[in-house]
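Chemist: Structure in C-alpha cells, see below.
The values are calculated or read from the model by the stated rules, or taken from the named source; none is laboratory data. Treat the numbers as computed from the prediction; the structure is a model and nothing was measured. Cβ placement follows ideal geometry from the backbone for every residue including glycine, while neighbour counts extend to all protein chains displayed.
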Amino acid sequence: MSFDVQAATDNYINSLGAEALAKAAAYTSGSHWTLLWGFLISIIVTWFFVKLQILERIEGKLQNKGPWLKSLVISGAYLFISSLLTLPWTLYSDWWREASYGKTSQALGDFLSQGGISMLISSVLGGLFFSGIYFFIRKVGKYWWAWSGGLTAATITAMMLMGPVWIEPLFNKYTPLPQGEVREALEVLAKQANIQPDRIFVFDGSRQSNRFTANVSGLGSSARIAISDVALQSASLDEVKAVTGHEIGHYVSGHIWNLIGTAAVLAMVFFYLTQAMFAQIANRIGSTAKIGEPRGISILMLCISFLSLLAQPIGNYVIRQGEIEADQYSYHSVNLPDAMATALVKTAEYRDPRPNPLQELIFYTHPSVEKRVKAAMEWKASHPN
C-alpha cells in the first residue's frame, strides 16, 4: 500500500483539534490587523511631532553645534520619544495580546524593563544610522539614496556580528548546552556546518515567550547555535535535531547574505521614493522641514513605514524561499521528516496552518505549516527507510 502524503499531512494538522485551529486562525488574523493599526498610530505620532514642533525645539538648543552632532541628537531623541508615545500600543500588541493568547508568561515589570533597554539601544544605534543618512544627503546630493542602501547593508552586517556578543546577552542568559544526548547530536550537526562545538548554547527564551524556538545567529567566529529552554523542555530529541538542522541550513546556505542584499536594495528603493514624496507628505501634515533636515525625520520615517508596508510581500517572499531551502537541508542532513512535522505542528499555535493563498502571499514569512508538513511527507514518501 502506497504512502498517502495528503492523508498524512491532514492527520498532523488535524491533530491540533478544531478549537486550537480556530484559536490559531484568530491570533494570526489579529496579528495582520495590528500591522495596519501600527501604521495608523505612526501617522498620529508624526502629526504630534509636527504640531508640537518637538524636534524644532530640540534643534533650537543645538544652534551652535555641528551638523553631525545635531543629526545624532535629533534622530536619537525622535526614536526615544516616539517609543514613549507608542508605549501604550506596544503594551497591547507585544505584551497584553501575547499573554491573552498564552504566548508569553513574562511579567509586566520585566517586559517594561527590557523594553527600556531596547529603547535606549535603538535610540543610540538608530541615531548613529540616521546621522549617516543625513551625512550622505549633505555630501552626496541627489544620489544619497544609493549610498544609504550601502549603509543599510553595513549596519545589518555589523549588528549580526555584534548581536550575539554584546546585545543578545542583555536580554537573555546563554549557557553552554549541558552534556548529554542532545548536545552530542547537535555537535555532529555543528561540525557539518563548521560551527565550533563550544558555540552550542541554551537560552532562557521562556523569559519572553512560550514559543518553540531555536536559531543560528552571528557571522564567522560569532556564529552560534542557540536552543530555547522551551524547545528543550517540550521537544523530543528528534524534533530538536530536525529543527536545529533547519536553522543550520540557513547558516550553511548563506541566507543572511540574501536578506542583507534584499534589505539594501529595498532601502535604496525606499529612500529614492521617499525623496520624491517627502515634500508632499510634509506639506499635508503641516511641516516645513526639508528632507535633508534632521527635524524632518518624523516625515522620513512615516514615508519609510508606508513603503515598508507596501513592500512586505516582497521581503516575505525572499524569506519564505529561504525557509523552504532550510527545510530541505534538514531533510538531507538528519532525515527526520516526521519529527519536523510534529515540531511544525507545535508552531501552528501562533501561525494559522491553513491560511488562504492571498493571506500567505502578503503576510507570511514562512510557508504555511500545512505546506511545510506536506513537503516533509513528500520527502518521507520519496525516501523510505
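Chemist: Sort through Thr34, Thr9 and tell me the only one that's assigned to a helix (DSSP H, G or I), in contact (Cβ under 8 Å) with a residue 12 or more places away in the chain, under 28 Å from Leu307 (Cα atoms) and hydroxyl-bearing (Ser, Thr, Tyr).
Modeler: Thr34
Chemist: Out of the residues in the stretch 128-145 that are surrounded by 14 or more Cβ atoms within 10 Å (Cβ to Cβ) and of a type in the set (A, V, I, L, M), which is farthest from Tyr27 (Cα to Cα)?
Modeler: Ile137
Chemist: Quick one: Tyr251 ticks every box in (1) surrounded by 21 or more Cβ atoms within 10 Å (Cβ to Cβ); (2) modelled with pLDDT of 95 or more; (3) part of a helix (DSSP H, G or I); (4) among the hydroxyl-bearing types (Ser, Thr, Tyr) bar one, so which box is it?
Modeler: That leaves (2) as the condition not met.
Chemist: Could you check the stretch 194-210 and list, in sequence order, the residues that are outside any helix (DSSP H, G or I) and surrounded by 19 or more Cβ atoms within 10 Å (Cβ to Cβ)?
Modeler: Across the stretch 194-210, the qualifying residues are Ile195, Ile200, Val202, Phe203, Gln208, Asn210.
Chemist: Can you list residue pairs whose Cβ atoms sit under 7 Å apart, with the first residue in the stretch 79-103 being under 17 Å from Thr28 (Cα atoms) and the second being of a type in the set (Phe, Trp, Tyr) and assigned to a helix (DSSP H, G or I)? Count only pairs 6 or more apart in sequence or on different chains.
Modeler: The qualifying pairs are Trp95/Phe111; Tyr101/Tyr27; Lys103/Tyr350.
Chemist: In addition: Going through Ser100, Ser71, Ser105 one at a time, which residue ends up being hydroxyl-bearing (Ser, Thr, Tyr) and under 30 Å from Leu55 (Cα atoms)?
Modeler: Within the list Ser100, Ser71, Ser105, the selection yields Ser71.
Chemist: Taking the residues in the stretch 23-73 that are touching a Gly at 6+ places or on another chain (Cβ under 8 Å) and β-branched (Val, Ile, Thr) as candidates, determine which candidate is surrounded by the most Cβ atoms within 10 Å (Cβ to Cβ).
Modeler: For the stretch 23-73, the residue satisfying everything is Val50.
Chemist: Just to be sure before I move on: is Leu108 aliphatic (A, V, I, L, M), in contact with a helix residue (DSSP H, G or I) (Cβ under 9 Å, 6 or more places away or on another chain), loosely packed, with under 13 Cβ neighbours inside 10 Å and at pLDDT 95 or above in the structure I sent?
Modeler: Yes.
Chemist: Since Asp229 meets every condition but one in (1) surrounded by fewer than 19 Cβ atoms within 10 Å (Cβ to Cβ); (2) within 19 Å of Glu325 (Cα to Cα); (3) in contact with a helix residue (DSSP H, G or I) (Cβ under 8 Å, 6 or more places away or on another chain), which condition does it not meet?
Modeler: Exception for Asp229: condition (2).
Chemist: If you check Ser217, Ser221, which single one turns out to be among the polar types (S, T, N, Q), at pLDDT below 85 and in contact with a Pro (Cβ under 7 Å, 6 or more places away or on another chain)?
Modeler: Every option except Ser217 fails the conditions.
Chemist: Restricting the first residue to the stretch 118-132 and requiring it to be in contact (Cβ under 8 Å) with a residue 60 or more places away in the chain, which pairs with a second residue that is in a helix (DSSP H, G or I) and surrounded by fewer than 17 Cβ atoms within 10 Å (Cβ to Cβ) meet a Cβ separation below 7 Å and a spacing of at least six or different chains?
Modeler: The qualifying pairs are Ser131/Trp68.
Chemist: Just one of Leu186, Leu125 is surrounded by 14 or more Cβ atoms within 10 Å (Cβ to Cβ), within 24 Å of the chain's Cα centre (by Cα) and either among the hydroxyl-bearing types (Ser, Thr, Tyr) or outside any strand (DSSP E or B) (or both); which is it?
Modeler: After ruling out the rest, the residue left standing is Leu125.
Chemist: Among the residues of the stretch 130-149, is there at least one that is under 30 Å from Val269 (Cα atoms), among the hydroxyl-bearing types (Ser, Thr, Tyr) and not in a helix (DSSP H, G or I)?
Modeler: Checked against the condition, which is being under 30 Å from Val269 (Cα atoms), among the hydroxyl-bearing types (Ser, Thr, Tyr) and not in a helix (DSSP H, G or I), the stretch 130-149 yields at least one hit.
Chemist: If I ask for residues that are closer than 30 Å to Trp33 by Cα and not hydroxyl-bearing (Ser, Thr, Tyr), which ones from the stretch 363-385 would you list?
Modeler: Phe363, His366, Pro367, Val369, Glu370, Lys371, Arg372, Val373, Lys374, Ala375
Chemist: So which of Ala311, Ala279 ends up being farther than 18 Å from Phe39 by Cβ and at pLDDT 95 or above?
Modeler: After applying the criteria, what remains is Ala279.
Chemist: Out of curiosity, is Val216 of a type outside the set (S, T, N, Q), in contact with a helix residue (DSSP H, G or I) (Cβ under 7 Å, 6 or more places away or on another chain), farther than 15 Å from Gly249 by Cα and outside any helix (DSSP H, G or I)?
Modeler: Answer is no for this residue.
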